[in-house]
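Peer 1: Here's a structure for you.
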Amino acid sequence: MKPKVIVIGGPTASGKTALSIELAKKIDGEIVSADSMQIYKDMSIGTAKPTIEEIGDVKHYMLDFVSPDTRYSVSQYKEDAINCIEKIIKKGKTPIVVGGTGLYIDSLIYGIEYQEITIDTEYRDQLNKQADSGNLQELYEEACKIDPEAMKIISPNDKKRIIRVLEIYKQTGKTKTEQNIESRKKEVPYDYIMFAINMDREKLYERINKRVDIMLENGLIEEVQALINKYDNIKTAMQGLGYKEVVQYLNNELTKEEMIDKIKMESRRYAKRQLTWFRKNKETIWIDGLSPIENNVNEIIKTMNSEL
């Protein structure tokens, strides 16, 4: 029998952190983060990284270990995360993969082998200039023609991922979707049990809006300014939700009120895309984020035991 690995996905602000920590306490588990922003050092407030108090005695992996000025790929994540899962299994504990980055989670549960593509910096610069000069919509439409399947879950405002779709096609002659299909042929070494949190849309949006307010109260603007002061090249990290809007505010491109409204709006849109992503996996077991945590923990344990 393959070792079991629990996966908890879901949209931002849905309660993944609290649920996973309570579950880990109950089943002697350890947590592997699947969040593409929480990997970065010095980026805690805007990424909603769990605090020392929240973590308590539960061991966490894949948090706070990459410098914001360093490129970190999905293939690197997959390799590092599997190493962490192996360590946990060797301890006799249960690995719990937790996060909202669907690409990270898919790399594990489907065993996707990502081809390392050499970056054509000249082409990337050209695309960035086009996007920054008001032609992002044109790039989005071009990417939709090339790879409509991949673009179903990419926002028209997501410059980074739109450019990535175009880069992959130019470099390989294949779409991102075609590459993903080809790369799923290897057998997966673990039995992943995939859960995702869902909840009433209005309640989720209320939680997102409140979380943004708390981030700003806790010093999000100061965190971004400190990052700018400390690092020379953090363009990739600063594309993160919440960070890019604060940069626009600091550059006097947005008023403070506009910045707050934009972070909330983009966070709600992101949550919608996350839910769409996790619905693609027909084996996902959905749990109600508005139910008491204890009930959801018991439901996950019950499902695990039924699959033994």
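Peer 1: Any idea which of LYS160, LYS145, LYS176 is in contact (Cβ under 8 Å) with a residue 60 or more places away in the chain and among the charged types (D, E, K, R)?
Peer 2: On the way: LYS145 fails: in contact (Cβ under 8 Å) with a residue 60 or more places away in the chain; LYS176 fails: in contact (Cβ under 8 Å) with a residue 60 or more places away in the chain.
That would be LYS160, the only listed residue that is in contact (Cβ under 8 Å) with a residue 60 or more places away in the chain and among the charged types (D, E, K, R).
Peer 1: So which pairs qualify, if the first residue must be in segment 10-37 and touching a residue at least 40 places away in the same chain (Cβ under 8 Å), the second must be of a type in the set (D, E, K, R) and in a helix (DSSP H, G or I), the Cβ gap must be under 7 Å, and the two must be at least 6 apart or on different chains?
Peer 2: GLY10/LYS16; ALA13/ARG207; ALA13/ARG211; THR17/GLU54
Peer 1: Sticking with this one: Failed condition for GLU222, given (1) part of a helix (DSSP H, G or I); (2) touching a helix residue (DSSP H, G or I) at 6+ places or on another chain (Cβ under 6 Å), with all others met?
Peer 2: Status for GLU222: all satisfied but (2).
Peer 1: Just to be sure before I move on: is GLU258 in the same structural domain as LYS41 (by TED's automatic domain parsing), of a type in the set (Asp, Glu) and assigned to a helix (DSSP H, G or I) in the structure I sent?
Peer 2: It is true that GLU258 is in the same structural domain as LYS41 (by TED's automatic domain parsing), of a type in the set (Asp, Glu) and assigned to a helix (DSSP H, G or I).
Peer 1: With respect to ASN218, is the statement that it is in contact with a Gly (Cβ under 9 Å, 6 or more places away or on another chain) and closer than 27 Å to THR17 by Cα true? Break it down stepwise before answering.
Peer 2: Details: in contact with a Gly (Cβ under 9 Å, 6 or more places away or on another chain): no; closer than 27 Å to THR17 by Cα: yes.
The answer is no for ASN218.
Peer 1: Continuing with the same structure: Which pairs have Cβ atoms under 8 Å, sit 6 or more apart or on different chains, and link a residue in segment 58-73 that is assigned by TED's automatic domain parsing to the domain that holds THR236 to one that is part of a strand (DSSP E or B) and of a type in the set (S, T, N, Q)?
Peer 2: Correct list of pairs: HIS60/SER33; TYR61/SER33; MET62/SER33; LEU63/SER33.
Peer 1: OK, next. Test of understanding: among TYR249, TYR243, TYR231, which residue is crowded, with 18+ Cβ neighbours inside 10 Å, hydroxyl-bearing (Ser, Thr, Tyr), assigned by TED's automatic domain parsing to the domain that holds GLN38 and touching a residue at least 40 places away in the same chain (Cβ under 8 Å)?
Peer 2: Details: TYR249 fails: touching a residue at least 40 places away in the same chain (Cβ under 8 Å); TYR231 fails: crowded, with 18+ Cβ neighbours inside 10 Å.
Among TYR249, TYR243, TYR231, only TYR243 is crowded, with 18+ Cβ neighbours inside 10 Å, hydroxyl-bearing (Ser, Thr, Tyr), assigned by TED's automatic domain parsing to the domain that holds GLN38 and touching a residue at least 40 places away in the same chain (Cβ under 8 Å).
Peer 1: Among the candidates ARG273, ARG207, single out the residue that is of a type in the set (Lys, Arg), part of a helix (DSSP H, G or I) and under 30 Å from ASN83 (Cα atoms).
Peer 2: Details: ARG207 fails: under 30 Å from ASN83 (Cα atoms).
The conditions single out ARG273.
Peer 1: Considering only segment 107-195, give the helices (runs of 4 or more DSSP H) lying wholly within it that have at least 1 residues that are at pLDDT 90 or above.
Peer 2: Details: elements: 121-130, 136-146, 148-151, 159-172, 176-182.
In segment 107-195, the matching helices (runs of 4 or more DSSP H) lie at 121-130, 136-146, 148-151, 159-172.
Peer 1: May I ask you to verify whether GLU86 is over 26 Å from MET43 (Cβ atoms), assigned by TED's automatic domain parsing to the domain that holds LEU241 and assigned to a helix (DSSP H, G or I)? Steps first, answer last, please.
Peer 2: Numbers: over 26 Å from MET43 (Cβ atoms): yes; assigned by TED's automatic domain parsing to the domain that holds LEU241: yes; assigned to a helix (DSSP H, G or I): yes.
The answer is yes for GLU86.
Peer 1: Tell me the residue from ILE8, ILE45, ILE96, ILE112 that is among the aliphatic types (A, V, I, L, M) and out of contact with any Leu (no Cβ under 7 Å at 6 or more places or on another chain), please. Lay out the reasoning, then the answer.
Peer 2: Working: ILE8 fails: out of contact with any Leu (no Cβ under 7 Å at 6 or more places or on another chain); ILE45 fails: out of contact with any Leu (no Cβ under 7 Å at 6 or more places or on another chain); ILE96 fails: out of contact with any Leu (no Cβ under 7 Å at 6 or more places or on another chain).
After ruling out the rest, the residue left standing is ILE112.
Peer 1: Given (1) of a type outside the set (Phe, Trp, Tyr); (2) in a loop (DSSP other than H, G, I, E, B); (3) modelled with pLDDT under 90; (4) crowded, with 19+ Cβ neighbours inside 10 Å, identify the lone condition not met by GLY100.
Peer 2: (3)
Peer 1: Hey, another quick one. Tell me, which residue of segment 26-66 that is more than 17 Å from the chain's Cα centre (by Cα) and assigned to a loop (DSSP other than H, G, I, E, B) is farthest from VAL97 (Cα to Cα)? Walk me through how you get there before you give the answer.
Peer 2: Filtering segment 26-66 for residues more than 17 Å from the chain's Cα centre (by Cα) gives 26-30, 42, 51-59.
Narrowing further to those that are assigned to a loop (DSSP other than H, G, I, E, B): 28, 42, 51, 56-59.
Working: ASP28: 14, ASP42: 22, THR51: 18, GLY56: 17, ASP57: 17, VAL58: 13, LYS59: 12 Å.
By that ranking, first place goes to ASP42.
The values are calculated or read from the model by the stated rules, or taken from the named source; none is laboratory data. As the structure is a computational prediction, the values presented were derived from the model and not from experiment. For neighbour counting, all protein chains shown are included, and Cβ atoms are generated from backbone atoms with ideal geometry for every residue, glycine included.
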